[in-house]
Amino acid sequence: METVPITYNTAITNSNQKPVNKDDFLKILVTQLKYQNPLDPQKPEEFLTQLSQMTQVEQLQNITSSLENIKKFMEQSNISQWISAVNKKMLVDDYVMSKGDELYLKPNGDFDEIVLTKKSLTTGSTGTITIKKGEPLVYTHEGDDPVSISVFAKKDNKSVECRSLLYRVIAGVNIEQERPILVAVNGDTYSLEKVKEIK
């Protein structure tokens with residue numbers, strides 16, 4: 001009578017599988033050595049290959065751990081760098097000023113006066129400031145209400161082109177998707193791409 005061996009293959013799936021680490025790999029290797037067939041022992045080359053694989057796994061895990069530590073350090077350094085920018089001023093393309101913001105005026109040629117028109121974003125009221133030739137070409141907004149600003153220069157009652165550079169106070173830093181966003185006093189936000197300079 002002939003006997004036929006019967007084998008059962010069962011697949012077990014575990015939804016909570018964890019990746020094998022170096023300790024697990026070492027346990028598997030030791031168990032394999034412990035229960036090997038004494039009449040047919042593992043060849044030395046195979047044993048060395050497994051030891052080499054274990055060393056590679058350990059080195060890769062150490063490298064991964066080091067890279068994660070470096071990434072965390074860089075993120076924390078980057079955030080702390082931007083937090084140190086609070087209360088400094090950022091150069092942005094905008095026409096809204098909050099308390100403490102500075103507007104530097106650059107007339108394109110000779111002028112008699114520069115007129116700034118301010119409009120309150122809270123009440124809608126307007127006012128003007130006139131800067132005469134020889135006076136400092138900078139305006140610092142001291143009011144609590146944010147205002148929109150328009151600027152023009154005059155020479156002999158004719159309009160002269162006048163550029164302006166707006167430096168806004170950095171009141172805070174938000175982190176969005178691991179990127180710093182600078183916040184002005186009135187809550188306006190600026191991504192780093194919109195900031196030309198910090199002083």
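The values are calculated or read from the model by the stated rules, or taken from the named source; none is laboratory data. Remember, predicted model here, so these are calculated numbers, not experimental data. Cβ: placed from backbone, ideal geometry, glycine included. Neighbour counts: every protein chain shown.
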Quiz item: Out of the range 136-152, which residues are under 11 Å from Tyr104 (Cβ atoms) and either assigned to a loop (DSSP other than H, G, I, E, B) or under 30 Å from the mean Cα position of the chain (by Cα) (or both)?
Solution: Pro136, Leu137, Thr140
Quiz item: Residues in the range 161-172 that are surrounded by fewer than 18 Cβ atoms within 10 Å (Cβ to Cβ) and closer than 17 Å to Val86 by Cβ: how many?
Solution: 2
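Take the residues in the range 145-160 that are aliphatic (A, V, I, L, M) and in contact with a Lys or Arg (Cβ under 7 Å, 6 or more places away or on another chain); name whichever of them is modelled with the lowest pLDDT.
To start, the set of residues in the range 145-160 that are aliphatic (A, V, I, L, M) comprises 147, 149, 151, 153, 160.
Subset that is in contact with a Lys or Arg (Cβ under 7 Å, 6 or more places away or on another chain): 147, 149, 160.
Details: Val147: 96, Ile149: 95, Val160: 91.
Applying the filter and picking the extreme gives Val160.
Among the listed residues Ile181, Ile170, identify the single one that is closer than 21 Å to Gly100 by Cβ, free of Cβ contacts under 8 Å to residues at least 24 places away in the same chain and part of a strand (DSSP E or B). Before the answer, list the steps.
On the way: Ile170 fails: free of Cβ contacts under 8 Å to residues at least 24 places away in the same chain.
Going through Ile181, Ile170 in turn, the sole match is Ile181.
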Quiz item: Within the set of pairs 6 or more residues apart or between chains, which connect a residue that is closer than 16 Å to Ser98 by Cβ inside the range 124-149 to a residue that is in a loop (DSSP other than H, G, I, E, B) and β-branched (Val, Ile, Thr) with Cβ atoms less than 8 Å apart?
Solution: Asp145/Thr122; Asp145/Thr123; Pro146/Thr122; Pro146/Val185
Exercise. Would you confirm whether any residue within the range 13-20 is at pLDDT below 75, part of a helix (DSSP H, G or I) and surrounded by 11 or more Cβ atoms within 10 Å (Cβ to Cβ)?
Key: no
Exercise. From Leu121, Leu103, Leu116, grab the single residue that is of a type in the set (A, V, I, L, M), in the same structural domain as Lys158 (by TED's automatic domain parsing) and more than 32 Å from the chain's Cα centre (by Cα).
Key: Leu116
